[in-house]
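*Asks:* Just dropping this structure here.
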Amino acid sequence: KVFRRVFILLFSQIAGAGINNSERYSMLLEKYSHSDRDPWIWTLAQLTDVPDIVRMAQSLFQCEIDSFFTPDPNLFSRNVAMGIIRQMYNIFHEQLLIARHRDTDDLMAYTWTSRYAYMSYAHEEMAEVRFAHVDLALPARTRVRLVAQMIQHWYIWAQRSGIPILVSTSIRRDQEAFMRLHIAAGFDLRGSIGYLKVLPPALPIQKSGKV
(Lines give C-alpha, C1' and ligand atoms only; values in the text may rest on other atoms or scores of the structure.)
Protein backbone atom coordinates (compact mmCIF):
# COMPACT_ATOMS: atom_id res chain seq x y z
CA LYS A 1 0.00 0.00 0.00
CA VAL A 2 2.83 2.40 0.80
CA PHE A 3 4.51 1.55 -2.52
CA ARG A 4 1.24 2.29 -4.32
CA ARG A 5 0.79 5.67 -2.57
CA VAL A 6 4.35 6.71 -3.40
CA PHE A 7 3.82 5.66 -7.00
CA ILE A 8 0.55 7.61 -7.35
CA LEU A 9 2.44 10.76 -6.36
CA LEU A 10 5.11 10.00 -8.96
CA PHE A 11 2.51 9.19 -11.61
CA SER A 12 0.66 12.46 -11.05
CA GLN A 13 3.92 14.36 -11.57
CA ILE A 14 5.14 12.56 -14.68
CA ALA A 15 2.22 11.05 -16.57
CA GLY A 16 0.30 14.25 -17.12
CA ALA A 17 -2.03 14.84 -20.03
CA GLY A 18 -0.47 16.07 -23.25
CA ILE A 19 2.97 14.55 -22.57
CA ASN A 20 4.24 12.11 -25.17
CA ASN A 21 6.20 8.94 -24.44
CA SER A 22 9.66 10.37 -25.14
CA GLU A 23 8.95 13.36 -22.88
CA ARG A 24 7.75 11.03 -20.10
CA TYR A 25 10.93 8.99 -20.37
CA SER A 26 13.05 12.16 -20.27
CA MET A 27 11.23 13.37 -17.15
CA LEU A 28 11.73 10.01 -15.43
CA LEU A 29 15.41 10.06 -16.41
CA GLU A 30 15.87 13.53 -14.97
CA LYS A 31 14.01 12.79 -11.75
CA TYR A 32 15.42 9.36 -10.88
CA SER A 33 18.84 9.09 -12.54
CA HIS A 34 21.46 7.46 -10.34
CA SER A 35 23.63 9.87 -8.37
CA ASP A 36 26.33 9.79 -5.72
CA ARG A 37 23.60 10.40 -3.13
CA ASP A 38 22.12 6.97 -3.79
CA PRO A 39 23.47 4.46 -1.25
CA TRP A 40 23.82 1.79 -3.94
CA ILE A 41 25.97 1.20 -7.02
CA TRP A 42 24.83 -0.44 -10.27
CA THR A 43 27.34 -2.81 -11.88
CA LEU A 44 27.38 -5.60 -14.43
CA ALA A 45 26.66 -8.89 -12.67
CA GLN A 46 29.59 -11.26 -12.18
CA LEU A 47 29.59 -15.02 -11.62
CA THR A 48 30.26 -14.38 -7.92
CA ASP A 49 26.87 -12.62 -7.75
CA VAL A 50 24.88 -15.70 -8.81
CA PRO A 51 24.27 -17.10 -5.27
CA ASP A 52 22.87 -13.77 -4.02
CA ILE A 53 20.66 -13.39 -7.10
CA VAL A 54 19.24 -16.89 -6.66
CA ARG A 55 18.78 -16.33 -2.92
CA MET A 56 16.77 -13.13 -3.53
CA ALA A 57 14.60 -14.82 -6.15
CA GLN A 58 13.89 -17.75 -3.85
CA SER A 59 13.23 -15.85 -0.63
CA LEU A 60 11.17 -12.98 -2.00
CA PHE A 61 9.52 -14.03 -5.25
CA GLN A 62 9.29 -17.83 -5.46
CA CYS A 63 5.91 -17.70 -3.73
CA GLU A 64 4.51 -15.89 -6.78
CA ILE A 65 5.00 -18.87 -9.10
CA ASP A 66 5.30 -22.07 -7.05
CA SER A 67 1.58 -22.82 -7.30
CA PHE A 68 2.03 -23.80 -10.95
CA PHE A 69 5.82 -24.07 -11.53
CA THR A 70 8.33 -26.22 -9.67
CA PRO A 71 11.32 -23.89 -9.18
CA ASP A 72 14.76 -25.47 -9.53
CA PRO A 73 17.48 -23.30 -7.93
CA ASN A 74 20.24 -25.22 -9.71
CA LEU A 75 18.62 -24.63 -13.09
CA PHE A 76 18.13 -20.95 -12.33
CA SER A 77 21.76 -20.66 -11.14
CA ARG A 78 22.98 -22.21 -14.36
CA ASN A 79 20.84 -19.96 -16.55
CA VAL A 80 21.89 -16.80 -14.69
CA ALA A 81 25.55 -17.86 -14.92
CA MET A 82 25.24 -18.52 -18.66
CA GLY A 83 23.61 -15.12 -19.15
CA ILE A 84 26.48 -13.46 -17.29
CA ILE A 85 29.03 -15.32 -19.41
CA ARG A 86 27.29 -14.23 -22.62
CA GLN A 87 27.31 -10.65 -21.33
CA MET A 88 31.02 -10.88 -20.52
CA TYR A 89 31.84 -11.78 -24.13
CA ASN A 90 29.28 -9.51 -25.83
CA ILE A 91 27.73 -6.62 -23.91
CA PHE A 92 25.04 -6.30 -26.59
CA HIS A 93 23.82 -9.90 -26.21
CA GLU A 94 22.27 -9.71 -22.73
CA GLN A 95 22.16 -7.31 -19.80
CA LEU A 96 22.40 -8.50 -16.19
CA LEU A 97 22.82 -5.73 -13.65
CA ILE A 98 22.94 -5.67 -9.88
CA ALA A 99 22.59 -2.88 -7.32
CA ARG A 100 24.61 -3.34 -4.13
CA HIS A 101 24.74 -1.12 -1.07
CA ARG A 102 27.89 1.02 -1.04
CA ASP A 103 28.74 0.21 2.59
CA THR A 104 27.29 -3.22 3.37
CA ASP A 105 27.60 -4.76 -0.12
CA ASP A 106 24.10 -6.22 0.34
CA LEU A 107 22.23 -7.03 -2.86
CA MET A 108 19.37 -4.53 -3.17
CA ALA A 109 18.13 -5.31 -6.67
CA TYR A 110 18.96 -7.08 -9.91
CA THR A 111 17.58 -7.08 -13.44
CA TRP A 112 18.04 -9.26 -16.51
CA THR A 113 17.19 -8.24 -20.08
CA SER A 114 17.73 -10.27 -23.23
CA ARG A 115 17.27 -9.77 -26.96
CA TYR A 116 16.16 -11.79 -30.04
CA ALA A 117 12.46 -11.75 -29.10
CA TYR A 118 10.02 -11.36 -32.00
CA MET A 119 6.31 -11.34 -32.63
CA SER A 120 5.16 -13.95 -35.15
CA TYR A 121 3.74 -11.21 -37.39
CA ALA A 122 6.47 -8.54 -37.42
CA HIS A 123 10.18 -8.16 -38.17
CA GLU A 124 11.05 -5.77 -35.33
CA GLU A 125 13.32 -7.24 -32.68
CA MET A 126 12.37 -6.75 -29.03
CA ALA A 127 14.48 -6.41 -25.89
CA GLU A 128 12.64 -8.49 -23.29
CA VAL A 129 12.93 -7.83 -19.56
CA ARG A 130 13.16 -11.25 -17.94
CA PHE A 131 13.59 -10.27 -14.28
CA ALA A 132 13.34 -7.07 -12.25
CA HIS A 133 13.64 -7.91 -8.57
CA VAL A 134 14.03 -5.51 -5.66
CA ASP A 135 14.46 -6.30 -1.98
CA LEU A 136 10.91 -5.94 -0.64
CA ALA A 137 12.21 -4.95 2.80
CA LEU A 138 13.48 -1.63 1.41
CA PRO A 139 11.44 1.56 1.89
CA ALA A 140 8.83 2.19 -0.82
CA ARG A 141 10.58 5.31 -2.14
CA THR A 142 13.83 3.37 -2.49
CA ARG A 143 12.08 0.60 -4.42
CA VAL A 144 10.46 3.11 -6.77
CA ARG A 145 13.82 4.75 -7.40
CA LEU A 146 15.54 1.42 -8.07
CA VAL A 147 12.86 0.29 -10.54
CA ALA A 148 12.93 3.68 -12.29
CA GLN A 149 16.69 3.32 -12.69
CA MET A 150 16.21 -0.20 -14.04
CA ILE A 151 13.94 1.21 -16.73
CA GLN A 152 16.64 3.71 -17.66
CA HIS A 153 19.20 0.90 -17.94
CA TRP A 154 16.87 -1.18 -20.11
CA TYR A 155 16.20 1.69 -22.48
CA ILE A 156 19.85 2.74 -22.86
CA TRP A 157 20.94 -0.87 -23.42
CA ALA A 158 18.25 -1.46 -26.05
CA GLN A 159 19.13 1.82 -27.74
CA ARG A 160 22.85 1.05 -27.86
CA SER A 161 22.13 -2.50 -29.03
CA GLY A 162 20.01 -1.24 -31.92
CA ILE A 163 16.82 -2.90 -30.65
CA PRO A 164 13.72 -0.88 -31.64
CA ILE A 165 11.20 -2.13 -29.06
CA LEU A 166 11.47 -2.70 -25.32
CA VAL A 167 8.94 -5.04 -23.69
CA SER A 168 8.36 -5.69 -19.99
CA THR A 169 5.75 -7.62 -18.05
CA SER A 170 5.05 -9.01 -14.58
CA ILE A 171 3.94 -12.38 -13.26
CA ARG A 172 3.27 -11.06 -9.75
CA ARG A 173 -0.24 -11.02 -8.30
CA ASP A 174 0.12 -7.40 -7.18
CA GLN A 175 1.55 -5.71 -10.26
CA GLU A 176 -0.42 -2.47 -10.46
CA ALA A 177 2.21 -0.10 -9.08
CA PHE A 178 5.03 -1.76 -11.04
CA MET A 179 3.18 -1.52 -14.36
CA ARG A 180 1.98 2.03 -13.71
CA LEU A 181 5.61 3.03 -13.29
CA HIS A 182 6.06 1.74 -16.84
CA ILE A 183 3.27 4.06 -18.00
CA ALA A 184 5.01 6.95 -16.26
CA ALA A 185 8.13 6.07 -18.27
CA GLY A 186 6.25 6.14 -21.56
CA PHE A 187 5.36 2.46 -22.03
CA ASP A 188 2.13 1.58 -23.84
CA LEU A 189 0.45 -0.90 -21.51
CA ARG A 190 -1.51 -3.81 -23.02
CA GLY A 191 -2.86 -5.99 -20.24
CA SER A 192 0.13 -6.82 -18.05
CA ILE A 193 2.64 -6.18 -20.87
CA GLY A 194 4.29 -2.82 -21.52
CA TYR A 195 5.77 -1.85 -24.89
CA LEU A 196 8.09 1.09 -25.50
CA LYS A 197 9.40 2.29 -28.84
CA VAL A 198 13.14 2.88 -28.50
CA LEU A 199 14.44 5.97 -30.27
CA PRO A 200 17.72 5.61 -32.19
CA PRO A 201 20.74 7.18 -30.45
CA ALA A 202 21.70 10.73 -31.33
CA LEU A 203 25.16 9.50 -32.40
CA PRO A 204 26.10 6.16 -34.01
CA ILE A 205 27.19 3.50 -31.52
CA GLN A 206 30.44 1.68 -32.18
CA LYS A 207 29.68 -1.94 -31.28
CA SER A 208 33.04 -2.80 -29.80
CA GLY A 209 31.60 -5.00 -27.05
CA LYS A 210 32.69 -2.53 -24.36
CA VAL A 211 30.41 -0.60 -22.00
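The values are calculated or read from the model by the stated rules, or taken from the named source; none is laboratory data. Being a predicted model, the structure only gives us computed values, none of them experimental. Glycine also receives a Cβ, built like all others from the backbone with ideal geometry; neighbour counts cover every protein chain displayed. The area values use the complete protein model at the heavy-atom level, side chains included, leaving out ligands, DNA and RNA. Shrake-Rupley method; radii C 1.70, N 1.55, O 1.52, S 1.80 Å.
*Asks:* Look through segment 148-166, keep the residues that are touching a helix residue (DSSP H, G or I) at 6+ places or on another chain (Cβ under 7 Å) and of a type in the set (S, T, N, Q), and return whichever of them is surrounded by the most Cβ atoms within 10 Å (Cβ to Cβ).
*Replies:* 149
*Asks:* Being touching a Gly at 6+ places or on another chain (Cβ under 8 Å) and part of a strand (DSSP E or B) is the filter here, so list the residues in segment 90-108 that pass it.
*Replies:* We begin by selecting, within segment 90-108, every residue touching a Gly at 6+ places or on another chain (Cβ under 8 Å); these are 90-92, 94, 96.
Within segment 90-108, 94, 96 qualify.
*Asks:* Just need a number here: residues in segment 81-115 that are hydroxyl-bearing (Ser, Thr, Tyr) and crowded, with 16+ Cβ neighbours inside 10 Å.
*Replies:* Our first condition is that a residue be hydroxyl-bearing (Ser, Thr, Tyr); within segment 81-115, this holds for 89, 104, 110-111, 113-114.
Narrowing the set further to residues that are crowded, with 16+ Cβ neighbours inside 10 Å leaves 110-111, 113-114.
Within segment 81-115, residues that are hydroxyl-bearing (Ser, Thr, Tyr) and crowded, with 16+ Cβ neighbours inside 10 Å number 4.
*Asks:* A further question follows. Any idea which of (1) out of contact with any strand residue (DSSP E or B) (no Cβ under 8 Å at 6 or more places or on another chain); (2) of a type in the set (S, T, N, Q); (3) modelled with pLDDT of 90 or more is the one residue 87 doesn't satisfy?
*Replies:* Going through the list (1) out of contact with any strand residue (DSSP E or B) (no Cβ under 8 Å at 6 or more places or on another chain); (2) of a type in the set (S, T, N, Q); (3) modelled with pLDDT of 90 or more, residue 87 breaks only (1).
*Asks:* Of all residues in segment 174-211 being part of a loop (DSSP other than H, G, I, E, B) and among the aliphatic types (A, V, I, L, M), which is modelled with the lowest pLDDT?
*Replies:* 211
*Asks:* Can you name the residue in segment 116-143 that is open to solvent by less than 40 Å² (accessible area, probe 1.4 Å) and part of a strand (DSSP E or B) and is also farthest from residue 41 (Cα to Cα) among such residues?
*Replies:* 117
*Asks:* Follow-up question, since we're still on this one. Pairs, please: C-beta under 8 Å, at least 6 apart or cross-chain, first residue more than 11 Å from residue 46 (Cα to Cα) and in contact (Cβ under 8 Å) with a residue 24 or more places away in the chain and in segment 70-84, second surrounded by 15 or more Cβ atoms within 10 Å (Cβ to Cβ) and aliphatic (A, V, I, L, M)?
*Replies:* As it stands, the answer is 77/50; 77/54, since those pairs meet every condition given.
*Asks:* Could you please find all residues in segment 109-130 being touching a helix residue (DSSP H, G or I) at 6+ places or on another chain (Cβ under 9 Å) and farther than 16 Å from residue 158 by Cβ?
*Replies:* At the first step, the residues of segment 109-130 found to be touching a helix residue (DSSP H, G or I) at 6+ places or on another chain (Cβ under 9 Å) are 109-115, 126-127, 129-130.
Listed by number, the residues that qualify are 109, 110.
*Asks:* If we keep just the residues of segment 169-193 that are closer than 19 Å to residue 32 by Cα and small (Gly, Ala, Ser), which is nearest to the chain's Cα centre (by Cα)?
*Replies:* The initial filter retains those residues of segment 169-193 that are closer than 19 Å to residue 32 by Cα, namely 177-187.
Next, from what is left, pick out any that are small (Gly, Ala, Ser): 177, 184-186.
Values: 177: 14, 184: 14, 185: 12, 186: 14 Å.
Looking at residues that are closer than 19 Å to residue 32 by Cα and small (Gly, Ala, Ser), I get 185.
*Asks:* Still on this structure: Closer than 26 Å to residue 148 by Cβ, hydroxyl-bearing (Ser, Thr, Tyr) and outside any strand (DSSP E or B) - does that describe any residue in segment 48-61?
*Replies:* Let us first name the residues in segment 48-61 that are closer than 26 Å to residue 148 by Cβ, namely 49-50, 52-61.
Keeping just the survivors that are hydroxyl-bearing (Ser, Thr, Tyr) gives 59.
Retained after the next criterion (residues that are outside any strand (DSSP E or B)): 59.
Within segment 48-61 (the criterion being closer than 26 Å to residue 148 by Cβ, hydroxyl-bearing (Ser, Thr, Tyr) and outside any strand (DSSP E or B)), the answer is yes, since at least one residue qualifies.
*Asks:* Then there is this: Just wondering, is there one or more residues in segment 53-65 that are at pLDDT 95 or above and within 24 Å of residue 156 (Cα to Cα)?
*Replies:* yes
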